[in-house]
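Data block below; observations after.
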Protein chains: 2
Amino acid sequence: MGTLIPIDDADDPRIAEFRDIRERDLTGRQGRFIAEGTVVLRMLAAAHAAGRGVAAEKLLLLKNRVAGISDLLEVLPPDVPVHVAERDVLNAIVGFDLHRGVLALGRRLEVSPVDAFVATLPAEALVVVGCNISNHDNIGAIFRNAAAFGADAVLLDETCCDPLYRKSLRVSVGSVLSVPFRREGSALQLLTALAERNFSVWALSPNGATDIRAVQPSARTALVLGTEGEGLPAEILGRFHSARVPQMAGLDSLNVATATGIALYQIASAMKRV
Amino acid sequence: MGTLIPIDDADDPRIAEFRDIRERDLTGRQGRFIAEGTVVLRMLAAAHAAGRGVAAEKLLLLKNRVAGISDLLEVLPPDVPVHVAERDVLNAIVGFDLHRGVLALGRRLEVSPVDAFVATLPAEALVVVGCNISNHDNIGAIFRNAAAFGADAVLLDETCCDPLYRKSLRVSVGSVLSVPFRREGSALQLLTALAERNFSVWALSPNGATDIRAVQPSARTALVLGTEGEGLPAEILGRFHSARVPQMAGLDSLNVATATGIALYQIASAMKRV
């Protein structure tokens, strides 16, 4: 751990990236992202150390939180600046009352394109594919479930929202930093790339043809998730296998995060991963 | 449907219960609750008609929403007043921009105490028990999942938050109005009442003794859920069966809503309910 840098002025340019966090959430950050809370910071430090496509750039901590996370600060490279502030200054910087008192600025590193990435997946693999998931909570929940059931990767089409968005990252409990992912291209491009690499592709839908309990996964299996309202486009449901989570008739479909959890639980069980 | 009552003044005493909804959420309503959106209103009308422990008292609608829900208004008893307002008046009443434009005031009717209620459950029954669930989203999600997998009832201990709270009701997609529930007493009292009525009681915990996939449910089965952080008290885990949802080691536990969905999916499957 390097020297702690005290910040006494909310306008200090060294912590400018943490100014008015919520407003910046809306405008994007050109490859930077904000990690919030001790658990997510821990995942960021681990991902940085393992070279998993992200780096920690700088930290901003509530002064009285430093001692409690000193082990974590030791893991970070010594050239990552650690700024500390008292509560009034910290709140003036971020623009609201930041209870947790732990923030990091992360940077996304250059990653291989999705085709090359898919080529690196193991012979036995479980991949989650998100199609048009625009809700940050749902994206975060999908990663949390993917991690819980040992998925090897999450692939998102270009219409999905960014999983490194602060709220998604928080809801994922940092899993966005531990489960490898790519976000590019159309869902059809992603699924075609997977099918060409011997993945059996199962699209989840309330009207899926096969009860998920009857699905026999292949050594390489991909599970495709759409939005709650519209579901997956007919183009995808028609071209690949489709599966449904059984439920009582006449109700709205399950929440997408819960449906994902159930489908992953079932498929990971059938693949003997849990 | 009775006559539509136009409201031109946000201070009109006839719609006083809809004033500043969010603030009132925090202070309680003495047996009244707010139902928001068409889907929830539909569930309220159905519950009212079926005598399921609630009544619709009055409605407040955005004027241009009336035509789209006329079928629903026909279902409501003619003595339920239907107030209509233009958007600016409606927003001034509720205190924020109410996109959905559909609100109802509901009233909770007197219900039988939990012991008497448990005595009325069928010979084959699946019951969900919530213990110390204080998050409104989680309460709502539990009801949504309970409905999806055909649970006969939800029992909540007195430390759980109110499922008729506006946000819980919305997250449940109105299921709080379709799945019978009680909220009273301690978790131990509830579970003892169930055990005395021949329910096998399974407490869900990340450290549960039995893998949920190996649970053989009885004709009458109760599934007990605690909070994400603390989990269920040792007193309950020690006295009843405990089950775990399998997942990768070394991670935070699943979100309580997702864990509930998975456990209900598994148990409802084993009971051949779905």
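Averaging Cα coordinates gives a centre for segment B:228-274 and one for segment A:212-273; these two points are 20 Å apart. Shape call for segment B:4-108 from the C-alpha gyration tensor, a ≥ b ≥ c root eigenvalues: rounded (a/c under 1.5), prolate (a/b greater than b/c) or oblate? Taking the square roots of the gyration eigenvalues as a ≥ b ≥ c, segment B:4-108 is oblate. Cross-link partners among aspartates and glutamates for B:Lys63, C-alpha distance below 13 Å, same-chain residues fewer than 8 apart left out? Counting by Cα, and skipping residues close in sequence, B:Lys63 has these aspartates and glutamates nearby: B:Asp8, B:Glu86, B:Asp88. Look at where the Cα atoms of segment A:122-191 and of segment A:50-72 average out, and the two centres are 24 Å apart. Backbone amide hydrogens, once placed in the peptide plane, bring A:Ile34 within less than 5 Å of A:Gly106, A:Arg166, excluding anything fewer than 5 places away on its chain. When A:Thr258, A:Thr210 are compared by accessible surface with a 1.4 Å probe, the order from highest to lowest is A:Thr210, A:Thr258. For A:Lys167, the lysines whose Cα comes closer than 20 Å to its Cα, not counting residues fewer than 8 places off in the same chain, are A:Lys58, B:Lys167. Overall, the protein assembly as shown carries a charge dipole of about 1240 debye about its Cα centre when +1 sits on the Cβ of Lys and Arg and -1 on the Cβ of Asp and Glu, all other atoms neutral.
Only Lys, Arg, Asp and Glu carry charge here, each on its Cβ (+1 for the first two, -1 for the last two); on that basis segment A:92-166 has a dipole of about 360 debye about its Cα centre. Apply the a/c threshold of 1.5 to the C-alpha gyration tensor of chain A and tell me whether it is rounded, prolate or oblate. Note, shape of chain A comes out prolate.
Take B:Glu124: with every protein chain present and a 1.4 Å probe, its accessible area is about 130 Å².
Looking at the protein assembly as shown, the DSSP beta bridges with both ends there are about 30 percent antiparallel. Summarising the label geometry, the points placed 7 Å from Cα in the beta-carbon direction at B:Asp97 and B:Arg197 lie 4.7 nm from one another. Taking the square roots of 5 times each eigenvalue of the Cα gyration tensor of the protein assembly as shown, largest first, gives ellipsoid semi-axes of 39, 31, 25 Å.
Relative contact order for segment A:69-173: what is it in percent, counting Cα pairs under 8 Å that are at least 6 residues apart? Walk me through the numbers before you get to the answer.
Values: 82 pairs, mean separation 24.9, N = 105.
So the answer I get is 24 percent.
Of A:Lys63, A:Lys167, B:Lys58, the residue with the largest accessible area leads and the full order is A:Lys63, A:Lys167, B:Lys58 (1.4 Å probe).
Top to bottom by accessible area (1.4 Å), largest first, where do A:Val224, A:Val111 land?
A:Val111, A:Val224
Placing a label point 7 Å from Cα along the Cα-to-Cβ axis, A:Asp11 is separated from the same position in the other copies by 4.3 nm, shortest listed first.
Each DSSP beta bridge with both residues in chain B is either parallel or antiparallel, and the antiparallel ones are about 30%. Here A:Arg22 yields copy-to-copy label distances, from shortest upward, of 0.9 nm, the label point defined as 7 Å from Cα along Cα to C-beta. Charge dipole (Cα centre; +1 on Lys/Arg Cβ, -1 on Asp/Glu Cβ; no other charges) of segment B:114-270 amounts to roughly 340 debye.
Other residues with beta-carbon under 15 Å from the beta-carbon of A:Asp71 carry, at +1 per Lys or Arg and -1 per Asp or Glu, a net charge of +1.
With its label point put 7 Å out from Cα toward Cβ, A:Ala92 sits 3.9 nm from the same residue's point in the other copies, in order from shortest.
Residues whose amide H comes within less than 5 Å of that of A:Ser242, counting only those at least five positions distant or on another chain, are A:Ala203, A:Ala209, A:Thr210 (H built at 1.01 Å from N in the peptide plane).
In this structure, A:Ile5 and B:Asp137 have a Cβ-Cβ separation that, at R0 = 56 Å, corresponds to a calculated FRET efficiency of about 0.90.
Computed over the Cα atoms of segment A:54-154, the ratio of the radius of gyration to the Kirkwood radius (Rg/Rh) comes to 1.07.
For segment B:86-151, the set of chymotrypsin sites (Phe, Trp or Tyr not before Pro) satisfying both a DSSP loop assignment and a count of at most 16 other C-beta atoms within 10 Å is given as B:Phe96. Can you give me the angle between helix B:136-148 and the longest principal axis of chain B, using Cα atoms only, in degrees from 0 to 90, rounded to the nearest 10? Compared with the principal axis, the helix lies near 80 degrees. Only protein heavy atoms count here; under a 1.4 Å probe, B:Asp11 has an accessible surface of about 110 Å².
The heavy atoms of A:Asp162 present about 40 square angstrom of accessible area, all protein chains included, probe 1.4 Å. From its DSSP helices (H runs of at least four residues, each -39,500 (n - 2.57)), chain A gives a residue-normalised ellipticity at 222 nm of -9500 deg cm²/dmol.
Extension gain A:Ala46-A:Leu109, at 0.36 nm per residue separation less the Cα-Cα distance, in nm?
In short, 21.2 nm is gained.
The values are calculated or read from the model by the stated rules, or taken from the named source; none is laboratory data. Being a predicted model, the structure only gives us computed values, none of them experimental. Because the Cβ atoms are built from the backbone with ideal geometry, glycine has one as well, and the counts that use them run over all protein chains shown. Side chains are part of the model used for accessible areas, which takes the heavy atoms of the whole protein and leaves out ligands, DNA and RNA. Shrake-Rupley method; radii C 1.70, N 1.55, O 1.52, S 1.80 Å.
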